[in-house]
Amino acid sequence: MSSKKFQSKLMSLQSNLLNFAYILTSNRDDAYDLLQDTTLKALDNEDKYVDNVNFKGWVFTIMRNIFINNYRKVVRASTIIDQTEDLYHLNLSQDSGFETPEGAYAAKEINEAINSFSDEYRIPFSMHVAGYKYNEIAEEMNLPLGTVKSRIFFARQKLQKILNDYR
């Protein structure tokens, strides 16, 4: 196939390719970017096209593969590899809420509520929130495991009652 004929066939498919790109991306700007990438890749690989192959299918396959590769690239880029001991960064809450004034105010109220508990409830609950496991808290406080679990449970219930206004 001559280069002029190849280019005219490719240009005649632009509206169909744009529709397909929009279906894949669900975003107008991303669809135009995908269309442009597909057109450039098809033009770069014109010499690899064989005349007896369905041209439209060949170009649509290029678009689909570019979309899949871009998607995989985004997923890989957003994957966090935590190499800290005990996977500290993965265990952190991703959205703590402290960035907003309401979140900071709520955190202050929660801390005040927890600090109002007696030591028998406040200490095991605070340790649990800090990341200690039940058995570690039991060892540290020299208490039976069941006692620690029940104190943390009752501390949660008290906290829910105190902060009932925030629901």
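Scanning segment 118-167 for residues that are assigned to a helix (DSSP H, G or I), of a type in the set (S, T, N, Q) and over 34 Å from the mean Cα position of the chain (by Cα) yields Thr147, Ser150. Scanning segment 59-68 finds one or more residues that are under 17 Å from Ser3 (Cα atoms), at pLDDT 90 or above and in a helix (DSSP H, G or I). May I ask you to list the residues in segment 28-59 that are open to solvent by 40 Å² or more (accessible area, probe 1.4 Å) and in contact with a helix residue (DSSP H, G or I) (Cβ under 6 Å, 6 or more places away or on another chain)? Selection gives Asp37, Lys41, Glu46. In segment 112-151, of all residues being in contact (Cβ under 8 Å) with a residue 12 or more places away in the chain and among the charged types (D, E, K, R), the one that is least open to solvent (accessible area, probe 1.4 Å) corresponds to Arg151. Within segment 152-167, the residues that satisfy the criterion of being open to solvent by 50 Å² or more (accessible area, probe 1.4 Å) and either closer than 16 Å to Ile114 by Cα or at pLDDT 85 or above (or both) are Phe153, Phe154, Arg156, Gln157, Lys158, Gln160, Lys161, Ile162, Asn164, Asp165, Tyr166.
The values are calculated or read from the model by the stated rules, or taken from the named source; none is laboratory data. Please read these numbers as outputs of a predicted model, since none were measured by experiment. Cβ: placed from backbone, ideal geometry, glycine included. Neighbour counts: every protein chain shown. Keep in mind that these areas ignore ligands, DNA and RNA; they rest on the heavy atoms of the full protein, side chains included. Shrake-Rupley method; radii C 1.70, N 1.55, O 1.52, S 1.80 Å.
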